[in-house]
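Single-structure report; data block below.
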């Protein structure tokens with residue numbers, strides 16, 4: 001490119017005032033700097049943009065043709081600069097979510113986000129906590145939404161919202177009508193649980209502290225729906241986030257169990273790489289998550 005935006009600013013200011021000194025005042029430049037910039041622009045393209053009569057500089061035919069094009073280009077440049085200063089434009093956003101969040105919360109959040117930012121492109125990756133954390137750490141994702149707790153020095157882990165695990169079984173299971181399960185009940189039952197590395201499994205293991213080694217873990221499955229189907233089939237009892245079970249409880253295909261003496265609460269978290277720039281897209285996504 002053989003011209004600069006500053007040269008176009010000078011050209012337009014001189015065209016507006018028809019005087020280099022007044023243009024210099026507007027641009028907070030010296031008069032000599034204005035004259036030099038204008039002469040350099042004309043010299044580079046071997047043309048004259050003004051008819052000179054003493055101190056007055058009047059646009060000639062070539063200058064008049066160039067003026068609207070220069071003004072349009074400069075307006076676009078100023079708009080771009082404003083966007084860069086305010087970090088307001090949102091382009092492509094890569095979001096990772098664990099299975100519970102990805103399948104039951106993230107899609108609705110993504111829909112609302114894209115309604116507000118219709119030019120945005122959101123890529124959603126749904127995997128377990130360990131996989132999402134790894135991708136955020138390797139800069140493959142801009143942000144992760146996870147169920148598990150992490151302590152990794154490169155990751156910024158921020159609380160998002162509360163969640164609660166629910167125990168459940170089929171309506172025909174022998175524990176279905178028991179009001180409150182004790183530890184002997186929990187250890188006697190066959191369990192269908194999430195795989196190691198998932199946030200739900202981490203919360204389950206913590207809730208079962210003290211009796212974990214005595215539990216009968218019959219099946220470990222990666223997918224929430226697979227666990228629900230296995231429990232419906234009578235293979236055992238399960239433990240998943242309550243938000244994944246609401247429809248099944250309403251239909252009566254699964255029934256909730258209670259073990260009030262144990263803590264089934266947990267949190268969902270945002271995870272970000274500590275060295276990654278927090279763009280307007282990421283900030284806006286987090287706001288949508290908070291408001292969901």
Would you mind telling me which numbered condition in (1) under 19 Å from residue 267 (Cα atoms); (2) buried (at least 16 other Cβ atoms within 10 Å of the Cβ); (3) free of Cβ contacts under 8 Å to residues at least 40 places away in the same chain residue 128 fails? (3)
For the range 132-143, name all the residues that are surrounded by fewer than 20 Cβ atoms within 10 Å (Cβ to Cβ) and touching a strand residue (DSSP E or B) at 6+ places or on another chain (Cβ under 8 Å). 135, 137, 139, 140
Would you be able to say whether some residue in the range 165-182 is under 25 Å from residue 290 (Cβ atoms) and in contact with a helix residue (DSSP H, G or I) (Cβ under 9 Å, 6 or more places away or on another chain)? yes
Qualifying positions in the range 210-235 - free of Cβ contacts under 8 Å to residues at least 40 places away in the same chain, out of contact with any strand residue (DSSP E or B) (no Cβ under 9 Å at 6 or more places or on another chain) and over 25 Å from residue 131 (Cβ atoms): 210, 211, 213, 214
Would you call residue 178 out of contact with any strand residue (DSSP E or B) (no Cβ under 7 Å at 6 or more places or on another chain) and assigned to a loop (DSSP other than H, G, I, E, B)? yes
So, residue 172, is that one assigned to a strand (DSSP E or B) and at pLDDT 90 or above or not? no
Is it true that some residue in the range 144-167 is surrounded by 15 or more Cβ atoms within 10 Å (Cβ to Cβ), touching a strand residue (DSSP E or B) at 6+ places or on another chain (Cβ under 9 Å) and within 17 Å of residue 216 (Cα to Cα)? yes
Looking at (1) touching a residue at least 40 places away in the same chain (Cβ under 8 Å); (2) assigned to a loop (DSSP other than H, G, I, E, B); (3) over 15 Å from the mean Cα position of the chain (by Cα), can you tell me which one residue 141 breaks? (3)
Given (1) surrounded by 12 or more Cβ atoms within 10 Å (Cβ to Cβ); (2) not assigned by TED's automatic domain parsing to the domain that holds residue 281, where does residue 109 come up short, assuming only one miss? (2)
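The values are calculated or read from the model by the stated rules, or taken from the named source; none is laboratory data. The shown structure was predicted, so the numbers you read here are calculated from the model rather than taken from an experiment. Here the Cβ is made from the backbone with ideal geometry for all residues, glycine too, and neighbour counts use every protein chain on show.
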